[in-house]
Amino acid sequence: MNSKLFALFGNPVSHSKSPLLHNSLYKKLGLNACYARYLLKSGGALREKFFELGLDGVNVTIPYKEDAFLACDRLDMFAKQIGAVNTIVLRDGMLHGYNTDAPGFIASLDGFIPKKALILGAGGTARALAVALREAGVSVVVANRSEGRLEFFRDMGFETALFCELKTPSFELVVNTTSAGLMDSELPLQKDKLLDILKDALLVYDCIYKHTPLLQLADRQKKKNKNGLDMLIWQAFFAFEILLDTKLDKKDVEVMREAVR
Ligand code: NDP
């Protein structure tokens with residue numbers, strides 16, 4: 001195999017474990033490949049930077065998944081449907097876009113499929129999760145602090161709400177896809193409202209891969225909770241298969257898990 005160069009594009013990227021996940025598996029499998037991270041200052045520059053850096057593929061994180069969608073020449077069905085791309089691979093001079101957040105998230109649920117789920121946030125990750133959960137038969141409500149990004153979900157037939165108008169019928173799964181708690185110690189929305197929302201939750205899930213203020217609150221309410229580490233590992237596993245055009249053994253995920261441990 002010719003040497004391959006991959007990277008993570010995002011802002012911020014300094015916290016990211018993606019290089020560790022991918023490089024550990026290159027090493028284990030003896031692949032001539034390297035995965036770096038690149039602080040991209042503007043989403044509009046994504047395509048130009050990709051070629052300028054001579055990359056073979058990228059993963060894309062906040063806040064550029066929608067820019068990544070626009071930068072691609074070809075899109076797989078799921079990425080096209082949700083308008084957000086987190087994995088781009090170069091084939092025959094063209095950028096092919098995919099989204100592995102959705103299968104990564106579903107794999108991380110370990111078979112738990114709730115009846116009703118509330119998604120907090122309405123960005124690229126929320127799009128992937130909302131569609132994936134609906135495809136799994138879950139009734140989904142999407143709530144956000146501001147109006148603009150909710151339109152996409154209404155057009156897709158989802159029930160939506162602003163945080164301030166959110167009614168709180170029983171949600172078995174509450175998922176935070178906002179960036180609140182990523183680089184700060186904020187809750188995604190007002191504490192009183194959150195306590196109300198969490199009352200009937202069987203699982204409180206934060207896509208951020210640390211013990212965020214939301215998960216600390218869930219702990220205090222004695223609610224089962226999970227951070228985004230498993231999702232990160234599984235989305236990296238599926239992205240690896242796309243970037244290297246290969247099929248991994250499911251147990252290879254343990255190499256990635258061990259690397260972040
Ligand atoms: P986007 O930038 O596309 O969307 C961010 C969302 O968060 C928007 O709905 C925005 O609301 C909301 N938001 C931002 N700051 C706050 C705040 N302080 N309070 C309340 N809402 C806020 O991001 P992504 O969807 O790409 O990513 C979202 C999060 O998910 C990130 O933290 C990311 O790290 C995590 N993630 C984890 C993955 C994993 O593998 N574990 C994979 C993908 C993402 P508004 O529309 O009003 O601006």
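The values are calculated or read from the model by the stated rules, or taken from the named source; none is laboratory data. Treat the numbers as computed from the prediction; the structure is a model and nothing was measured. All Cβ positions, even for glycine, are placed from backbone atoms using ideal geometry, and neighbour counts span all protein chains on display.
Observations
- Test: residue in the range 148-165 that is within 15 Å of the ligand (Cβ to nearest atom), of a type in the set (A, V, I, L, M) and under 17 Å from the mean Cα position of the chain (by Cα): no
- Checking each residue of the range 227-250 against the condition of being over 14 Å from Phe105 (Cα atoms), within 16 Å of the ligand (Cβ to nearest atom), out of contact with any helix residue (DSSP H, G or I) (no Cβ under 8 Å at 6 or more places or on another chain) and not in a helix (DSSP H, G or I) gives no match.
- So Asp76, is it touching a Leu at 6+ places or on another chain (Cβ under 9 Å) and acidic (Asp, Glu): no
- Considering residues of the range 68-103 that are touching a strand residue (DSSP E or B) at 6+ places or on another chain (Cβ under 8 Å) and of a type in the set (Asp, Glu) only, the residue farthest from the ligand (Cβ to nearest atom): Asp73
- Within the range 19-36, the only residue that satisfies the criterion of being over 18 Å from Leu90 (Cβ atoms), crowded, with 21+ Cβ neighbours inside 10 Å and either under 19 Å from the mean Cα position of the chain (by Cα) or of a type in the set (Gly, Ala, Ser) (or both) is Leu21.
- Residue check, Tyr209 under 22 Å from Ala132 (Cα atoms), surrounded by 17 or more Cβ atoms within 10 Å (Cβ to Cβ), touching a Leu at 6+ places or on another chain (Cβ under 9 Å) and at pLDDT below 95: yes
- Inspection of the range 225-247 finds a residue satisfying the criterion of being crowded, with 21+ Cβ neighbours inside 10 Å and among the β-branched types (Val, Ile, Thr).
- Answer residue from the range 57-66, given it is within 16 Å of Ala7 (Cα to Cα) and not in a loop (DSSP other than H, G, I, E, B) and is nearest to the ligand (Cβ to nearest atom) among those: Lys65
- Applying the criterion of being within 17 Å of the chain's Cα centre (by Cα) and β-branched (Val, Ile, Thr) to the residues of the range 92-124, the residue that is nearest to Pro169 (Cα to Cα) is Ile119.
- Screening Thr87 with (1) touching a residue at least 40 places away in the same chain (Cβ under 8 Å); (2) surrounded by fewer than 21 Cβ atoms within 10 Å (Cβ to Cβ); (3) not aliphatic (A, V, I, L, M) gives one miss only, at (2).
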